[in-house]
Amino acid sequence: MQTATIGFLGAGNMAGAIINGMLASGFDAQRLQVCDRNEPKRADFASKGLTATADPHALIAACDILVLAVKPQALKATLEPLAADFQQRQPLIVSVAAGVTAESIDRWLGGDFAIVRTMPNTPSLVLTGATGLYANANVSDAERNTVQQMFDSIGASLWVDAEDDLHAVTATSGSAPAYFFRFMEAMQKAAEAQGLDGDSARTLIVQTALGAARMVQQTGQMPAELRRQVCSPNGTTERAIRSFETDDLDAVVARAMQACRARSIELSEELAD
């Protein structure tokens, strides 16, 4: 696995994020290949030292690990005509296609593949992503280690034991950047209503969100404890937190995450045919 050639079938934003993260972490560009129909994208990757092709047959033949980075709705139509190539090469398959099960991918390709499903999120584009990983029974320890290195290069990654747990990962991190964006959006509106100009409000909100995340990460303390530390009795922060509790913030968040998980399950079922 330390000398494996890794290919990307599809060169969209997530594939680009993973590739850029791997290059920044010291992966050899000559070990990386990409296949995409878009010529400017191919030229961009080629300028970084990668082999770039428009021929998926050539990509599969050359690679030990294949990252499936096409849109989930197009994955079946993309893979089935390539099944013979995959069967001949038998690469480790790494999928970033949300909602498509390992069983579906295996079936479309004719069976008996080592498959890792992943659920990265959009902060991967700025190398601060969070990725859930699931491996089927055919994946070796060495292959798991290589895949983890790939996704650790764009942030943090962790393994789940059951594929169904990826639905919870979707609700907890995959879709969750949008939760924080929405909360920041609400704060922006409220700050401007209180008289701050838009640029000043944005600067304060972004820096505060960044600082709060770093405090949780670097102190090792639970968010609840850090919250208690800044809530002076009858102070301004405590008053704000009481307002959240009056509006039952925990229930609002729980309902949203459950809705996200339920939709993830629905999409998985829709894409399983």
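The values are calculated or read from the model by the stated rules, or taken from the named source; none is laboratory data. The structure displayed is predicted, hence computed values, not measured ones. Glycine gets a Cβ as well: all are built from the backbone with ideal geometry, and neighbour counts include every protein chain shown.
Of the numbered criteria (1) at pLDDT below 95; (2) on the phi > 0 side of the Ramachandran plot; (3) not acidic (Asp, Glu), the one Gly195 fails is (1).
Among the residues of the stretch 144-154, count how many are more than 11 Å from Ile6 (Cβ to Cβ) and surrounded by fewer than 20 Cβ atoms within 10 Å (Cβ to Cβ).
Of the residues in the stretch 144-154, the ones more than 11 Å from Ile6 (Cβ to Cβ) are 144-145, 148, 151-154.
Those left that are additionally surrounded by fewer than 20 Cβ atoms within 10 Å (Cβ to Cβ): 144-145, 148, 152.
Residues in the stretch 144-154 being more than 11 Å from Ile6 (Cβ to Cβ) and surrounded by fewer than 20 Cβ atoms within 10 Å (Cβ to Cβ): 4 in total.
Restricting the stretch 1-49 to residues that are part of a loop (DSSP other than H, G, I, E, B) and surrounded by 22 or more Cβ atoms within 10 Å (Cβ to Cβ) leaves a set whose member that is modelled with the lowest pLDDT is Ala11.
Within the stretch 63-77, residues that are farther than 20 Å from Thr122 by Cβ and in contact (Cβ under 8 Å) with a residue 40 or more places away in the chain have Cβ atoms under 7 Å from residues that are part of a helix (DSSP H, G or I) and aromatic (Phe, Trp, Tyr) in these pairs: Lys76/Trp108, counting only partners at least 6 apart in sequence or on another chain.
Would you tally the residues in the stretch 148-163 being touching a strand residue (DSSP E or B) at 6+ places or on another chain (Cβ under 6 Å) and in a helix (DSSP H, G or I)?
Of the residues in the stretch 148-163, 2 are touching a strand residue (DSSP E or B) at 6+ places or on another chain (Cβ under 6 Å) and in a helix (DSSP H, G or I).
Pick from the stretch 50-79 the residues that are among the aliphatic types (A, V, I, L, M) and within 13 Å of Gly12 (Cβ to Cβ): which of them is surrounded by the fewest Cβ atoms within 10 Å (Cβ to Cβ)? If you could, list the steps in order and put the result at the bottom.
Pass one, the stretch 50-79, residues among the aliphatic types (A, V, I, L, M): 50, 52, 54, 58-62, 65-70, 74-75, 77, 79.
Then drop every residue that is not within 13 Å of Gly12 (Cβ to Cβ), which leaves 67-70, 74-75.
Values: Val67: 26, Leu68: 23, Ala69: 26, Val70: 22, Ala74: 11, Leu75: 22.
If we take residues in the stretch 50-79 being among the aliphatic types (A, V, I, L, M) and within 13 Å of Gly12 (Cβ to Cβ), then Ala74 is surrounded by the fewest Cβ atoms within 10 Å (Cβ to Cβ).
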